[in-house]
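First up is the structure itself, then whatever we jot down about it.
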């Protein structure tokens, strides 16, 4: 297996302060664009990929504009914890999933 997962977004690892609130966006044009049926899950990597979506993305209502998915704000991260954000969507009749990692910082 290579070090780079082809489903990982090009921006890869992101850093976010524990007091910051960030609504990440994903451009889906490389996957065919026009995403629908979007869902997001956030997992804490160091805790055996435990689902922490309800805590760090409590609203969890992604929106779509043309080819861009805007996720609900990610917040309340813990310093030195690594989070994997998985985004599933339908594009051109296919169900696809991409992901990125966010590292909580002080």
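Computed from the coordinates by the stated procedures, all read-outs in this text should not be read as laboratory data. Predicted model only: the values in this text are computed from it and were never measured. All Cβ positions, glycine included, derive from the backbone under ideal geometry; neighbour counts span all protein chains shown.
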Additional length obtainable on full extension of the chain from residue 39 to residue 106, 0.36 nm per residue less Cα span:
21.3 nm
Can you tell me how much longer the chain between residue 92 and residue 27 gets when fully stretched, taken as 0.36 nm per residue apart minus their C-alpha distance, in nm with one decimal?
21.9 nm
Rounded to the nearest 5, what % of DSSP beta bridges with both residues in the chain are antiparallel?
85
Per-pair calculated FRET efficiency, R0 = 22 Å: residue 67 and residue 20 via Cβ, rounded to 0.05
0.30
Taking just the alpha carbons, could you work out the radius of gyration and Dmax for the chain, both in angstroms?
13.4, 41
Which whole-number percent gives the relative contact order of the chain, counting Cα pairs below 8 Å spaced six or more residues apart?
37
